[in-house]
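Reviewing the structure listed below.
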Amino acid sequence: MHYDQTWMGYGWIGGLQAGLIAALAGGLLFLLFHWRTRKVWSHGAQMAWSYVLGVILAASGDLADLFYFNYARLQSLQLLRAKLAEVHDPDGLGTRVLCELAGVAVGIGVAWFATEWATRRK
């Protein structure tokens, strides 16, 4: 899902900002799954579903653009210019996707560590 990226930086700065958003999404999804399915699902299932939904929420727009620019047949130079004009920082698209995928994983890991620490502390 595309979200407004006009305020984001370019290159690695924009990638880190997108990764931070993705980490928040992944962590919140893990906490939601952990709260709702604590007794029924294992940690692995909670993490897996959190990762899949986190990637769909945070990175699907950039992943779709990356896939489109690599595999779609662009019939004309005007179509390529029009599609590139719709994308914020097309040069840093791969970096942003990488940071979003890693950000979801890091967010889930931090949330898992926090829940484990909280349960062991009791």
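Selection of first residues in the range 15-40 that are touching a residue at least 12 places away in the same chain (Cβ under 8 Å) and among the β-branched types (V, I, T) and of second residues that are part of a helix (DSSP H, G or I) and surrounded by 17 or more Cβ atoms within 10 Å (Cβ to Cβ), restricted to Cβ pairs under 9 Å at least 6 apart or on distinct chains, gives the following pairs, ordered by first then second residue: I21/A58; I21/E100; I21/G103.
Residues in the range 9-37 that are touching a Ser or Thr at 6+ places or on another chain (Cβ under 9 Å) and not hydrophobic (A, V, I, L, M, F, W, C) were compared, and the one that is surrounded by the most Cβ atoms within 10 Å (Cβ to Cβ) is G26. Only one entry in T115, T95 is surrounded by 15 or more Cβ atoms within 10 Å (Cβ to Cβ), polar (S, T, N, Q) and in contact with a Phe, Trp or Tyr (Cβ under 7 Å, 6 or more places away or on another chain), namely T95. Quick one: in the range 72-92, which of the residues that are among the acidic types (D, E) and outside any helix (DSSP H, G or I) is surrounded by the fewest Cβ atoms within 10 Å (Cβ to Cβ)? Selected residue: E86. Restricting attention to the range 57-71 and to residues that are surrounded by fewer than 15 Cβ atoms within 10 Å (Cβ to Cβ) and of a type outside the set (S, T, Y), the residue that is farthest from Q5 (Cα to Cα) turns out to be N70. I'd like to know if the range 29-51 contains one or more residues that are out of contact with any Cys (no Cβ under 6 Å at 6 or more places or on another chain), under 13 Å from A102 (Cβ atoms) and either of a type in the set (S, T, N, Q) or assigned to a helix (DSSP H, G or I) (or both). Yes, because at least one residue in the range 29-51 is out of contact with any Cys (no Cβ under 6 Å at 6 or more places or on another chain), under 13 Å from A102 (Cβ atoms) and either of a type in the set (S, T, N, Q) or assigned to a helix (DSSP H, G or I) (or both).
All of the numbers you see were taken from the coordinates with simple rules; none came from a lab. Everything quoted here is computed from the prediction, not taken from an experiment. Ideal geometry is used to build each Cβ from the backbone, glycine not excepted, and the neighbour counts take in all protein chains shown.
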